[in-house]
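Every read-out reported here was derived from the displayed coordinates using simple, explicitly stated rules and does not represent laboratory data. As the structure is a computational prediction, the values presented were derived from the model and not from experiment. Here Cβ is always computed from backbone atoms with ideal geometry, including for glycine, and neighbour counts include all displayed protein chains.
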Amino acid sequence: MSATASVEAPRAWWLARWAERLNPLVVKEVRQGLRSRVFWLSFGLMLLACFILSLAAYVATIEEGLKPQGRTFFLAFFFCLGMVHFFLLPYGAYRSLAREREDETWVLLLLTGLGPRRILRGKVASSLVQGGLYASAVGPFLLFSYYLNGIDLPTLLLVLLLGACWFLFLTVVAVCTATLAEGRMGRGLAHLALLGVLGLGLIYGQVSAYFLCEQGFRSLLASDDALAFILSALWLMITCAWLLFETAAARLSLPTENYSWGPRRALVVQTVLSVLVVLLGWWDSSSQRMAFEVSVLGCVLLTLCGLVLATDVDGQARSLRAATRPWSLLRPGALRGFRLAVLLLLFWTAACGVLIVLSTRRSSVGLPAVVALPLYALLYLSLPLWVARLSRSPVFSSPAVVRLLFFVIGGLGLLVPSLVSFLLWREEESPTFLSLLNPFLGLISFANGEPPLDEPALAWRLLGCVGLLAALSVFLADRSLAAREREVHAA
């Protein structure tokens, strides 16, 4: 009897310890989701659709004999699962968090001591658990399509793996969207935007599954472009999901906390690891085109992330100021966020520039276009920050207004320089310096080496002029953000 008690004591201790680590919100959300009518209605309709499709597959095999039809019925079964994974469950995760904020029960969750990060982790994990229940119900039907011939097992597993990652990414996007808006109008706009994103996500997931099934696993391995696209998509889904999760947790944190540590650390780690991944991919192909395309994609993503960093609230809480140093770029504040965005853009461009030089062995080929990318990004990222702070009104310098001003100035930059250049120098066919201020046309001109940019000396001279404008705008934006932070701290 004593021996049995001595064995049960450590086991009970381990169970109690793991029960404390398990997020209680996961159990609550899963129980609440399983009891809802939406779950049983969608679960029943999905099983009914799969059962009807399996009967149709049985009839087709009897009538058409051994004709391969596994690919067709796999896509049909996957569509039933995708409707739930790519639309219903992410939308349910959004409504779960939005309801907590609308009904003002979010404060009660915080009083439990879980914290924003654990609460969000519970919301996402509960959605994933429900997704696993749906997948376990559709799994036998998906395996049944393999025995109908026409699709190999590695392709089936690849589609399911990428589908699971896409489901995770859409769920995190939905949860992050629920933290964006505060007012009723903002929540309505976020709701409509999320419906559009989930609709496009459903279409993209189904089209990608169709493409993967049509190509086949062996064809995908033989094609370098397809394999690079799959690995890049997988990498972006995982890292961007982490970044969005940390952003959502930061938005729900208190102003007195170091809320910016998580998302900024995730962005830095994502950028550094992406450089290593690109280096490994380039080492296998040594492609100049790959290095240029990756530099464009990275600059676009870092510009959008930099817009969010640079439009953080001005200043920081009094409790955080004592430990803040000039190099404390991971701490809250628009000034430190802007400086971090500038450093990340320059680091990414330097890495891609090195790959371009190593690919061509000549620094004059392709390098001006890569250098022009961050210059345009810094120019059009800094201008709205400086213009918004010209007004002393805190409303005009709010994050929402600055972000709107970024897109307005970007749109004007795409239209005004080219239009003025066309009206003043209508006879000239070569691009002028004014037209080079257009980021789209300027990047194309530097990339293609159009006259007079085909001469390396003149191309670098014009690029230097664009660089001076970008450096001036960065300096003005930095000084205006620093002055604004001093005013906030003084008040």
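Descriptive notes on the structure:
- Taking a Cβ cut-off of under 14 Å around W261, the surrounding Lys, Arg, Asp and Glu residues balance to a net charge of +3, with basic ones at +1 and acidic ones at -1.
- Calculated FRET efficiency for the pair A60/Q215, C-beta based, R₀ 30 Å, to 0.05: 0.80
- Backbone N within the stretch 180-202 under 19 Å of label point (7 Å from R101 Cα along the Cβ vector): 180-198
- The spacing between the stretch 125-191 and the stretch 239-268, judged by their C-alpha centroids, is 23 Å.
- The phi torsions of the stretch 30-42, fed into the Karplus equation with coefficients 6.51, -1.76 and 1.60 and a -60° offset, translate into couplings of 5, 4, 5, x, 5, 8, 7, 6, 4, 5, 5, 5, 5 Hz, rounded to whole numbers, with Gly and Pro shown as x.
- J(HN,Hα) series, the stretch 483-490, from Karplus relation 6.51 cos²θ - 1.76 cosθ + 1.60, nearest Hz, glycine and proline x: 5, 5, 5, 5, 5, 5, 5, 5
- Only Cα pairs under 8 Å and 6+ residues apart enter the sum, and on that basis the relative contact order of the stretch 149-301 stands at 27 percent.
- Extension reserve of the L189-W261 stretch, reckoned as 0.36 nm per residue once the Cα distance is removed: 23.1 nm
- Taking a point 7 Å from the Cα of V308 along the Cα-to-Cβ direction, the residues of the stretch 149-178 with backbone N closer than 18 Å to it are 166-178.
- Debye intensity ratio in log₁₀ form over the Cα atoms of the stretch 207-287, taken at each q of 0.12, 0.20, 0.24 Å⁻¹: -0.51, -0.91, -1.08
- Projected label distance in nm at L412 and R31, using a 7 Å step from Cα toward the beta-carbon: 5.7 nm
- Tensor-based shape of the stretch 199-342 (alpha-carbon gyration tensor, a/c under 1.5 rounded, otherwise prolate or oblate): prolate
- Overall form of the stretch 154-268: oblate. Here a/c, set by the Cα gyration tensor axes a ≥ b ≥ c, is 1.5 or more, and a/b is not larger than b/c.
- Chymotrypsin sites (Phe, Trp or Tyr not before Pro) within the stretch 300-348: DSSP coil, no more than 15 neighbouring Cβ in 10 Å: W327
- Here the simple spin-label model places points 7 Å from the Cα toward Cβ, and for L358 and L390 these points are separated by 4.4 nm.
- Between N149 and F440, the contour length at 0.36 nm per residue exceeds the alpha carbon distance by 100.0 nm.
- For the stretch 254-264, Karplus couplings with θ = phi - 60° (6.51, -1.76, 1.60), whole Hz, Gly/Pro x: 7, x, 7, 8, 7, 5, 7, 4, x, x, 5
- Site pair L200 and L254 shows an inter-label distance of 3.8 nm when each label is modelled 7 Å from Cα along Cα→Cβ.
- Highest average packing first - 407-416, 247-256, Cβ atoms within 10 Å: 247-256, 407-416
- Using R0 = 45 Å, the C-beta based FRET efficiency linking I52 and N448 works out to 0.25.
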